[in-house]
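The structure under discussion appears below in the form of structure tokens.
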Amino acid sequence: MFAASQIFGIFHFPLFLSTVLLSAIILYFMGTAKSGKLHYIRSISGLKAIDEAVGRATELGKPVLFISGLADVDNVQTLAALSILSHVARKTAEYDTSLVMPNNYSVTMVMAQEVVREAHLKVGRPDTFQPENIYYVSDAQFAFVGHVLGVIERSKPAANIYMGRYFAESLILAEAGFATKAIQIAGTAETPQLPFFFTACDYCLIGEELFAASAYLSKNPKQTGSIKAQDVIKVLILAGIAVGAILATLH
């Protein structure tokens with residue numbers, strides 16, 4: 001016979017209870033979103049500026065440059081970047097504007113090509129899709145960065161969009177785009193790189209804004225419900241910390 005403590009860790013019960021509670025909150029908000037209820041997601045200026053940036057590139061007859069960071073598709077920031085790419089590709093397809101996307105990884109390139117192809121199909125312009133504009137460069141960090149700098153200098157895109165995971169190259173890319181007077185929109189969850197994007201870019205998505213972008217742009221019920229649930233969970237956690245601090249202070 002097993003003792004009850006061997007079957008169920010009583011000291012882990014608070015963790016079990018919190019997991020059930022958090023799961024219930026997420027399922028509730030996803031369910032209400034699927035039933036038709038619209039959950040408010042605050043506007044993100046960097047995402048609202050994408051349409052303006054693509055419009056400016058169209059007026060000037062110049063391309064839009066999109067970089068999905070220097071991480072492969074096994075990184076969540078790259079997946080978030082590809083979600084934003086879908087919206088950018090739809091806009092460039094609608095306006096018949098060239099979209100250029102060098103890639104640091106071959107798998108990312110293949111996924112990006114499919115995302116852009118699907119965007120062209122959705123707007124009814126599959127014939128304007130140019131797969132040669134979405135291409136693989138190199139896995140080497142600065143070999144890739146050097147190529148992108150060449151693209152910026154030669155093509156002088158009117159809009160540069162940097163989304164995903166970045167390292168030491170963040171300021172190099174942003175500074176090059178700033179020198180060509182392009183509208184620059186960046187987004188990353190890498191905290192050390194945010195100051196460089198703040199300095200040289202017009203708009204910047206900070207941390208979790210990058211991950212909320214897909215819900216904001218797509219209005220997908222599952223995604224918006226999940227974002228709303230996360231906000232509620234954060235409030236509950238902060239409230240729990242505050243109550244715990246008060247109780248500890250009062251002994």
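Could you check segment 1-77 for helices (runs of 4 or more DSSP H) lying wholly inside it with 3 or more residues that are modelled with pLDDT of 75 or more and surrounded by fewer than 17 Cβ atoms within 10 Å (Cβ to Cβ)? Write out each step before concluding.
Working: elements: 4-7, 13-34, 45-60.
Output list reads 13-34, 45-60.
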Quiz item: Which is more than 17 Å from residue 174 (Cβ to Cβ) and out of contact with any Asp or Glu (no Cβ under 6 Å at 6 or more places or on another chain), of 54, 64, 123?
Solution: 54
Quiz item: So is residue 124 of a type outside the set (A, V, I, L, M, F, W, C), in the same structural domain as residue 210 (by TED's automatic domain parsing), within 24 Å of residue 181 (Cα to Cα) and free of Cβ contacts under 8 Å to residues at least 40 places away in the same chain or not?
Solution: no
Quiz item: Among the residues of segment 140-159, is any within 19 Å of residue 75 (Cβ to Cβ), without any contact (Cβ under 8 Å) to a residue 24 or more places away in the chain, surrounded by fewer than 22 Cβ atoms within 10 Å (Cβ to Cβ) and more than 17 Å from the chain's Cα centre (by Cα)?
Solution: yes
Self-check item: Filter result for residue 159 (modelled with pLDDT of 95 or more and either in contact with a His (Cβ under 7 Å, 6 or more places away or on another chain) or of a type in the set (A, V, I, L, M) (or both))
Solution: yes
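A quick yes/no check of all residues on (1) in a strand (DSSP E or B); (2) over 24 Å from residue 158 (Cβ atoms):
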residue: 192; (1), (2): no, yes
residue: 197; (1), (2): no, no
residue: 204; (1), (2): yes, no
residue: 212; (1), (2): no, yes
residue: 215; (1), (2): no, yes
residue: 227; (1), (2): no, yes
Quiz item: In segment 240-251, is there at least one residue being assigned by TED's automatic domain parsing to the domain that holds residue 64, loosely packed, with under 14 Cβ neighbours inside 10 Å, part of a helix (DSSP H, G or I) and not aromatic (Phe, Trp, Tyr)?
Solution: no
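The values are calculated or read from the model by the stated rules, or taken from the named source; none is laboratory data. Not measured: the values here are computed from a predicted model. For neighbour counting, all protein chains shown are included, and Cβ atoms are generated from backbone atoms with ideal geometry for every residue, glycine included.
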